[in-house]
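The values are calculated or read from the model by the stated rules, or taken from the named source; none is laboratory data. Here the structure is a predicted model, which means the values were calculated and not measured. As a convention, Cβ positions derive from the backbone with ideal geometry for all residues, glycine included, and neighbour counts pool all protein chains shown.
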Amino acid sequence: MRTALIGTTIAGLLLGATACGGDPAKAPPAPQPSQIKAAVVRAKAPTSTPAGSMLSTLGARMLLSTKDIGAHENGSVSPYSIYSALAMTRAGARGTSAQELDRVLGSSEPQQAAAITAIDAQLAKRSGITLSTANGLWPERTLQVRQPFLDRLASGFGAGVYPVDYLHDHQGARKSINQWVSGKTHKLIPELLPADFVSEGTRLVLVNALYLKGSWSTQMTPMSDPQPFMTAGGRSTPTTMMSATSAYPTAAGSGWRSVSMPLKDKRFAMTLIVPDKGRYDSIRSQLGAVVPRALATRSAGSVELSVPSFSVRTAADLKPTLEGFGVHELFDSNRADLSGMAGEPGDLFVSGVVHQSVVKATPGGVEAAAATAAGMAVGSAPQIDRKITVDRAFFFVIHDTATRAPLFLGQVADPSVPTG
């Protein structure tokens, strides 16, 4: 298998409340969920939107503030996935609940949907990589979800709606959602929702899934011997490295430099942000400002690049993070106003927000590396203008190169740490 980069992420929001309308206790057991089709189609992408900067700001705040990711630990989030799930929730929020989400997302509701539509339009142009995005709404089948909300999810997010039976079989509903997630992420995330995440009181679950798999534009070759790597905690550890020589775009700023590794489809790339020695914590604290500048790379001749192979898996509870950002009413069962989705103010509230992200970067295996080495051997040796060796803790951004919207944002504090 020639795959060099795999990323998958899930964001889910659980909404719980008393039922709205009808007598659900008399309802028969629910069949397997089937998708409800909305009456509208996906909106066209806007000609311009600050999608990249909006997602960069949110992603950096999430990475730095999430309690499940320590400053000196490996971790990643998907700004795209989290933004999508929160924006879908915002489409049904009203009053103060809506205002709290607008402040976190940094824009109004129409701009939020436009940003996701613009990014999705770029993602749809992919070629030569595997990339899938999916949004799903899983309501209690007796819940009378408002048609304008369903239409908004369809037009702004391309979301599918799958009614399930939380009242009589909440574990069966949970398994249905997890199976959907597992399929969308090619089994990299087999269980998003733990057993205690849903109950008979659950009324809605909103899920965004993102999966990316692609080869490097220039195939990486595994280095034969482990190389020393300085962790974020200041410890030297032997690390498996990979290398290649190509016209890698680069950028630099105060205390950092970045190098962009294009995928086979050059609309997408992974950009590494490497702090200067002793500057990891300082650059991390400024990540929201650094990321947009680090993505503004330019080609500057041939670069001999050496980077670690790494694998990062993160499972995070985002509710405390969002509360720290000032989102309170949305989680209050008495005050939350999600009446744009269903019922009246106070009928629905957000009872949990979970996020999982998996990112793996490898040279593509011995077979792929051998084929590349043979190809290089028959050509002329390139002129190397500089060497970049990523031998200390760094940050990474997987993004589309048009909007510069971060699909994944993470930190590799110690690449030798195995993932669970």
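Only a single item in (1) buried (at least 23 other Cβ atoms within 10 Å of the Cβ); (2) over 28 Å from A93 (Cα atoms) is not met by G156, and it is number (2).
The rows are residues; the columns are (1) at pLDDT 85 or above; (2) within 23 Å of the chain's Cα centre (by Cα); (3) surrounded by fewer than 24 Cβ atoms within 10 Å (Cβ to Cβ); (4) hydrophobic (A, V, I, L, M, F, W, C).
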| residue | (1), (2), (3), (4) |
| --- | --- |
| M341 | yes, no, no, yes |
| E367 | no, no, yes, no |
| A374 | no, no, yes, yes |
| R392 | yes, no, yes, no |
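When restricted to residues that are outside any loop (DSSP other than H, G, I, E, B) and out of contact with any Gly (no Cβ under 6 Å at 6 or more places or on another chain), region 295-312 contains 10. A single entry from S78, S65 fulfils the requirement of being over 17 Å from L123 (Cα atoms), among the small types (G, A, S) and at pLDDT 70 or above: S65.
Just to check your reading of the model, which residue among L206, L193 is under 22 Å from F157 (Cβ atoms), in contact (Cβ under 8 Å) with a residue 12 or more places away in the chain, out of contact with any Lys or Arg (no Cβ under 6 Å at 6 or more places or on another chain) and of a type outside the set (V, I, T)? Lay out the reasoning, then the answer.
Numbers: L193 fails: out of contact with any Lys or Arg (no Cβ under 6 Å at 6 or more places or on another chain).
That would be L206, the only listed residue that is under 22 Å from F157 (Cβ atoms), in contact (Cβ under 8 Å) with a residue 12 or more places away in the chain, out of contact with any Lys or Arg (no Cβ under 6 Å at 6 or more places or on another chain) and of a type outside the set (V, I, T).
Check V359, V354 and return the single one that is in contact with an Asp or Glu (Cβ under 8 Å, 6 or more places away or on another chain), closer than 30 Å to F394 by Cβ and buried (at least 19 other Cβ atoms within 10 Å of the Cβ).
Working: V359 fails: in contact with an Asp or Glu (Cβ under 8 Å, 6 or more places away or on another chain).
None of the other options fit; the residue is V354.
Confirm whether R279 is at pLDDT 90 or above and of a type in the set (K, R). Write out each step before concluding.
Working: at pLDDT 90 or above: yes; of a type in the set (K, R): yes.
Yes: the conditions hold for R279.
Taken over region 97-124, the residue count meeting the criterion of being among the polar types (S, T, N, Q), surrounded by fewer than 19 Cβ atoms within 10 Å (Cβ to Cβ) and touching a Leu at 6+ places or on another chain (Cβ under 9 Å) is 1.
Out of curiosity, is I189 out of contact with any helix residue (DSSP H, G or I) (no Cβ under 9 Å at 6 or more places or on another chain) and either within 24 Å of F331 (Cα to Cα) or assigned to a loop (DSSP other than H, G, I, E, B) (or both)? No: the conditions fail for I189.
Taking the stated definitions as given, is A252 touching a residue at least 60 places away in the same chain (Cβ under 8 Å) and either within 25 Å of V77 (Cα to Cα) or in a strand (DSSP E or B) (or both)? Don't jump to the end; show me each part of the working.
Values: touching a residue at least 60 places away in the same chain (Cβ under 8 Å): no; either within 25 Å of V77 (Cα to Cα) or in a strand (DSSP E or B) (or both): yes.
Judged against the criteria, A252 is not a match.
Before we move on, is P163 touching a residue at least 12 places away in the same chain (Cβ under 8 Å), closer than 19 Å to L338 by Cα and in contact with an Asp or Glu (Cβ under 8 Å, 6 or more places away or on another chain)? Yes: the conditions hold for P163. For K387, all conditions in the list (1) modelled with pLDDT under 85; (2) loosely packed, with under 14 Cβ neighbours inside 10 Å; (3) outside any helix (DSSP H, G or I) hold save one; what is the number of the exception? Against the list (1) modelled with pLDDT under 85; (2) loosely packed, with under 14 Cβ neighbours inside 10 Å; (3) outside any helix (DSSP H, G or I), K387 comes up short only on (1).
When you check L167 against the structure, is it more than 22 Å from the chain's Cα centre (by Cα), buried (at least 21 other Cβ atoms within 10 Å of the Cβ) and part of a loop (DSSP other than H, G, I, E, B), yes or no? Talk me through it step by step, then tell me what you get.
Values: more than 22 Å from the chain's Cα centre (by Cα): yes; buried (at least 21 other Cβ atoms within 10 Å of the Cβ): yes; part of a loop (DSSP other than H, G, I, E, B): no.
Spelling it out, it is not the case that L167 is more than 22 Å from the chain's Cα centre (by Cα), buried (at least 21 other Cβ atoms within 10 Å of the Cβ) and part of a loop (DSSP other than H, G, I, E, B).
Residues that are surrounded by fewer than 16 Cβ atoms within 10 Å (Cβ to Cβ), hydrophobic (A, V, I, L, M, F, W, C) and part of a loop (DSSP other than H, G, I, E, B) are absent from region 271-294.
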